[in-house]
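Reviewing the structure listed below.
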Amino acid sequence: MICAERSLVSCRTDRYRRARLCGIERAICGARRRLLTFKLKESPEGHMFRRVAALTMGICLGALVQHAGARAGDRSPTMGETSPADVVLARRVLMAGIGRNMDEITGMIEDAAAFNLGEAREHADVVSAMLLAFPHLFPIETDTWSEKLAEDDPAHVSLALPTVWQNYDDFVGRAQQASQIALDASFAATAAQFKAVAKGLQQACDSCHQAYRRP
């Protein structure tokens, strides 16, 4: 009981962290296939996509490792990124993975006959891990939005509002809070408990989108 109320850092063993990393890899691979079908299946950029997938995994794994020693406080987005388009695509892939798992959770909640607590908890655990990595994919150079780029290359255009970089500490804090809510859902003991926590997770996601994502 004590452990369930403590922070992610103090509660997770090395074995559990390794299991979560495997979950991230599976989720990102699925998201990569979805985005590839949506945008890049017929594109000559297919060879570049493998590079983006590797970049995504590297940042995700690094963020999880660093999180073990992280403390809340002033944060600043990174600078000096030389391939912003690749990073934008990487975070779009990661967000697609988060969205896919959230859709699965929503579908099971809306269809009582299809609800499976074990599967729902697994989806929530993947969402939690991916949300830890997500805010670390926003170097300053990736503020690339323009209407022209949105039309010419929608897979590589940033949908983030400038407020991400103006209020970066709040942005990261929201992602970490949502990650913790998802983690709590992954430990739900009953369907009713899971559904209650998942509702809070959806609200956290929606409020962050309203503050930091273009319509």
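The values are calculated or read from the model by the stated rules, or taken from the named source; none is laboratory data. Everything numeric in this text was worked out from a predicted model, so none of it was measured. Neighbour counts are summed over all protein chains in view; Cβ atoms, including those assigned to glycine, are modelled from backbone coordinates with ideal geometry.
Are any of the residues in the stretch 131-143 under 18 Å from Ala198 (Cα atoms) and under 15 Å from the mean Cα position of the chain (by Cα)?
In the first step, residues of the stretch 131-143 are kept if they are under 18 Å from Ala198 (Cα atoms); the result is 131-132.
Narrowing the set further to residues that are under 15 Å from the mean Cα position of the chain (by Cα) leaves 131-132.
Yes: the stretch 131-143 contains one or more residues that are under 18 Å from Ala198 (Cα atoms) and under 15 Å from the mean Cα position of the chain (by Cα).
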Check: Taking interchain pairs and intrachain pairs at least six residues apart, which have beta carbon atoms under 8 angstrom, with the first residue in the stretch 178-193 and more than 17 Å from His209 (Cα to Cα) and β-branched (Val, Ile, Thr) and the second outside any helix (DSSP H, G or I) and modelled with pLDDT of 95 or more?
Finding: none
Note to self: Just to be sure before I move on: is Val88 crowded, with 19+ Cβ neighbours inside 10 Å and in contact with a Leu (Cβ under 9 Å, 6 or more places away or on another chain) in the structure I sent?
What the structure shows: yes
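Residue check: is Tyr212 in contact with a strand residue (DSSP E or B) (Cβ under 9 Å, 6 or more places away or on another chain) and among the hydroxyl-bearing types (Ser, Thr, Tyr)? Don't jump to the end; show me each part of the working.
Numbers: in contact with a strand residue (DSSP E or B) (Cβ under 9 Å, 6 or more places away or on another chain): yes; among the hydroxyl-bearing types (Ser, Thr, Tyr): yes.
Criteria met by Tyr212.
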Next item on the list: Might you check whether a residue that is farther than 20 Å from Asn101 by Cβ, assigned to a helix (DSSP H, G or I) and not charged (D, E, K, R) occurs anywhere in the stretch 178-197?
Entry: yes
Item checked: In the stretch 144-167, residue surrounded by the most Cβ atoms within 10 Å (Cβ to Cβ) [restricted to those that are within 20 Å of the chain's Cα centre (by Cα) and among the hydroxyl-bearing types (Ser, Thr, Tyr)] -> Ser158
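What's the total number of residues in the stretch 172-215 that are of a type in the set (Phe, Trp, Tyr) and more than 16 Å from Glu122 (Cβ to Cβ)?
Keep residues of the stretch 172-215 that are of a type in the set (Phe, Trp, Tyr), which gives 187, 194, 212.
When the remaining residues are screened for being more than 16 Å from Glu122 (Cβ to Cβ), the result is 212.
Of the residues in the stretch 172-215, 1 are of a type in the set (Phe, Trp, Tyr) and more than 16 Å from Glu122 (Cβ to Cβ).
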Margin query: Checking Pro84 against (1) within 20 Å of Ser179 (Cβ to Cβ); (2) at pLDDT 80 or above, only one condition comes out false. Which one?
Written below: (1)
Next item on the list: State whether one or more residues within the stretch 197-211 are surrounded by 21 or more Cβ atoms within 10 Å (Cβ to Cβ) and within 14 Å of Leu117 (Cβ to Cβ).
Entry: yes
Item checked: Pairs, first without any contact (Cβ under 8 Å) to a residue 24 or more places away in the chain in the stretch 160-176, second not in a helix (DSSP H, G or I), C-beta under 8 Å, six or more apart -> Pro162/Asp143
Next item on the list: Please name all residue pairs, on different chains or six or more residues apart, with Cβ atoms under 8 Å, provided the first residue is in the stretch 137-151 and is at negative phi and in contact (Cβ under 8 Å) with a residue 24 or more places away in the chain and the second residue is among the charged types (D, E, K, R) and exposed (fewer than 15 other Cβ atoms within 10 Å of the Cβ).
Entry: Trp145/Arg214
